[in-house]
Each structure stands twice: as C-alpha cells, then as structure tokens.
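Written out below as structure tokens is the structure these notes cover.
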Amino acid sequence: SLGENPAGLIYNNDPKFLGLLASGKDRPDLLGNGFMFFTGNGTVGANIGIQTFNNTSDELGPLSYFHFGLATYSEELNIAFGLDGTYRFKKPEANTESEAESKTWTANLGMLYNPNGAFRMGFLIYDIAQNISGYGAGMAADVNNYSTLSVDAGVNKQGRGLTVKPSIGVIASPFQITYGYGIHVDDAYDTNVTAGNTLSSGQITFQNQS
C-alpha cells in the first residue's frame with residue numbers, strides 16, 4: 001500500500017526524524033513508541049529506527065523492534081523499488097524449540113509506478129524473508145498542490161481478509177498531515193493493512209487499531 005510502501009523512501013530529500021505512537025482499541029494499555037531517522041536525495045532514500053511496546057512481553061522477552069529501509073528510483077522505468085525489514089529483539093535465554101522457531105526477521109518488498117506524478121500506483125509483498133504473508137496495493141492522486149487522496153488495500157497470502165483504507169493527506173507547511181481509516185471488509189482473517197484510525201504527520205504518528 002502507498003502509506004507504508006518502502007519504495008516511498010525516495011521522497012526523502014533531507015535528514016529528518018519521525019516520532020511514533022501506537023495504541024490498540026482492544027488493548028489501551030498496549031502503548032508503542034519509538035523513533036525513525038530518514039535521509040535521501042530524491043533518487044535514493046533510507047531509514048533506520050527502533051520501536052517498543054510498553055508493559056508487554058512474551059516468551060521471547062519485551063516487544064522491541066529494529067527497523068530499516070532502502071529505496072531507489074529508476075528514471076527509465078519510472079518506477080521506484082524499496083525494501084524494508086524488521087528485527088525482533090529477543091532475550092538470550094529464549095532457546096526452546098517453539099521460541100527458536102519464532103521468526104525474528106521480516107522483510108517487505110514494494111514498488112511505486114510514476115512516483116513523481118500526480119497519479120501514482122503501488123504494490124507491496126509482505127514478509128519475503130521467510131514465507132510471504134500477504135499482498136498490498138494502492139493508488140493516490142494529487143487533488144491540488146496541498147492535498148492528496150489515496151486508497152490502499154491488503155489481503156493475506158490466500159487472498160482473504162480484505163482491508164481497505166481510504167486516506168487524505170494535507171500539506172500544512174512544514175508538515176504533511178494524513179488521516180486514514182482502515183475498513184476490515186473480511187474480518188475473519190487479518191492482513192498487514194491496519195484497520196481503524198491512523199493519523200500521522202512529519203513529527204508524530206498516532207494509530208488506533210480496531
């Protein structure tokens with residue numbers, strides 16, 4: 001989907017930081033926080049960051065993640081390609097068979113067609129590091145110089161669990177503010193596109209999952 005497609009890292013022209021906050025509707029005590037650093041020159045881009053969830057742990061330890069991403073743009077193809085990954089930190093003593101089988105690395109592969117045009121399309125493959133878990137697609141169009149409308153959608157690898165997320169983005173210099181609401185059309189299955197409210201800006205992101 002366009003909102004989280006790693007190919008979109010090419011849009012970074014200067015170094016910047018992004019703060020992250022996330023909470024769940026069914027788990028208000030589950031508060032995630034972290035930060036990301038972005039840099040790029042309009043043709044290539046990269047990011048790196050850490051996210052953790054307070055008051056939450058499992059057999060692998062606290063829920064803490066390391067994030068990274070890379071992207072590049074091909075002018076000849078008019079396509080941007082991106083790859084991002086996440087590493088789940090785990091405690092050293094997590095060495096039982098079930099814990100060892102728990103994946104710690106995930107990676108997503110994305111592309112954007114016509115990334116610098118008024119109308120853009122994207123495609124995303126989730127979790128290529130081990131076994132593909134789902135697919136996402138999206139399109140976005142600039143309404144004017146200050147606002148963008150987009151629609152993202154995602155399904156799992158069996159093509160189920162459809163989630164659709166329309167969004168609107170407004171540029172309020174020096175920030176871009178985006179609001180989207182994910183609609184879980186097929187709520188019998190989960191997908192990688194977030195259901196519920198998402199509000200983001202260049203400085204902080206708040207997400208309320210349903």
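May I ask you to give the solvent-accessible area per residue for the range 98-161, in square angstrom, as obtained with a 1.4 angstrom probe? Show your work: numbers first, answer last.
Numbers: 3430 Å² over 64 residues.
I get 54 Å² per residue for this part.
When all protein chains stay in place, what accessible area (Å², nearest 10, 1.4 Å probe) is found for Lys90?
80 Å²
Just grab the label-to-label distance for Ile50 and Phe119, each label 7 Å out from Cα along the Cβ direction, in nm (one decimal).
4.5 nm
Using a Förster distance of 30 angstrom, determine the FRET efficiency expected from the C-beta separation of Phe37 and Lys157, and round it to 0.05. Don't skip to the answer; put the middle values down first.
Details: r = 31 Å, r/R0 = 1.05.
Given R0 = 30 Å and the Cβ-Cβ separation, E is 0.45.
The values are calculated or read from the model by the stated rules, or taken from the named source; none is laboratory data. Predicted model only: the values in this text are computed from it and were never measured. As a convention, Cβ positions derive from the backbone with ideal geometry for all residues, glycine included, and neighbour counts pool all protein chains shown. Protein only, heavy atoms only, side chains kept; ligands, DNA and RNA dropped before computing areas. Shrake-Rupley method; radii C 1.70, N 1.55, O 1.52, S 1.80 Å.
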